[in-house]
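Note sheet for the following structure.
Please treat every number below as a calculation from the coordinates, not as lab data. None of the values given here were measured: they were computed from a predicted structure. Virtual Cβ from ideal backbone geometry, glycine too; neighbours counted across all protein chains shown.
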Amino acid sequence: MARDNNDRDRSAAMPMDELTATIHERIPAMPAQLAAGARFIVDHPDLVVTSSMRDIAMSIGVAPATLVRLARALGFPDWSSLREICVASYRGTPGLYARGASALVEGDGDESLIARIANTLAADMTRLGLVNDAATFDAAVRRLAEAPRIYVAAFLSCRAPGLTFTYISRLFRDEVHLSEASGSSLVTELATLNEKDVVLSINFSPYSRNSLLVAGAVKRSGAGLISLADSRVTPLSDVAEHVLLFETASPSFFPTIVAATALVEALTAGMMRHLGVGATEHLTRVEESLYAADTYVAANARTRGSAPKSGPPITGNKS
């Protein structure tokens, strides 16, 4: 009985950040199923509070007994003792919104696929503003804005939001470089990093092997790292200065990158605001150059020599 009381006292006394640090330390040695449960705790402590052990196990794809084994592997007698840390962390804070966001994805069985996807993306976007606190976001913005050079490490399906960040950033500042996809070119690029540079990494599970190359290069060079990911436990977490999360849940067969794209758009907007007049003047010069080069066409423009789809062909004045 005394031991049970001591275990309860331990769980009540341990802050959430200490539990997170413990998970970061031990997760590399965990079996895959325990590691999946550990990541869920770090990334979704709100759902640990509001959901049953059975529901959490089902969402991860493991048996409820796995969560009990996880608790013991982390030094707790049972799941309830571990869960109490999450409960204590959220006690006295504003109401939880996770269930409200989750409700967006719950529809009738007759709901169309497009509606299901739209509702899921709405939930992903709602959570984007809940899991990323303003202080961390603002710190990431400042770090990126003040860096002489930004190196964007975005591989495989994450290349799209990486390209978006690079394109928008180049409109108002210099020295933003999108990584090569792989191979010797990537290694060569990483070798040029220095302590003044900042790497923006975009990643979600399963993580690209190239992320290990990036982590190693950051450690060797002393460069800063901002990690955008689906989890706080990734191959880059240990070297990241700031971690911002995005959801990838989708009714589709493939994870969505919509929230990741929204996050990089938010970062570029934040950088523009931080850099101020200088960035605005840079944007003006770039925009003027684009128009001067006839980059854009009018909305009603047609291929030269083509006729409208309806009505008589347009001809010259015969009078």
Report summary line: Under the 7 Å Cα-to-Cβ spin-label approximation, I60 and H24 lie apart by a distance in nanometres of 2.0 nm
Query raised in the report: With each label point set 7 Å from Cα along the Cα-Cβ vector, what nm distance links S80 and A32?
Result: 3.3 nm
Report task. Provide the net charge surrounding A259, with neighbours chosen by a C-beta distance below 11 Å and charges set as Lys +1, Arg +1, Asp -1, Glu -1. Result -> -3
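What order do you get for D294, D174, D124 when you list them from fewest to most C-beta neighbours inside 10 Å?
Taking fewest neighbouring Cβ atoms as first place, the list is D294, D174, D124.
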Query raised in the report: If we count other beta carbons within 10 Å of each Cβ, what is the order of V214, V258, V187, fewest first?
Result: V187, V258, V214
Query raised in the report: What is the spread of the Cα atoms of segment 2-90 along each of their three principal axes, largest first, in whole Å?
Result: 34, 27, 23
**Report entry** For segment 127-292, Kirkwood radius (reciprocal of mean inverse C-alpha pair distance, Å)
**Finding:** 16.1 Å
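Sort V277, V199, V48 so that the residue with the fewest other Cβ atoms within 10 Å of its own Cβ comes first and the one with the most comes last. Intermediate results must be reported in sequence, preceding the final value.
On the way: V277 7, V199 27, V48 23.
By the 10 Å Cβ count, ascending: V277, V48, V199.
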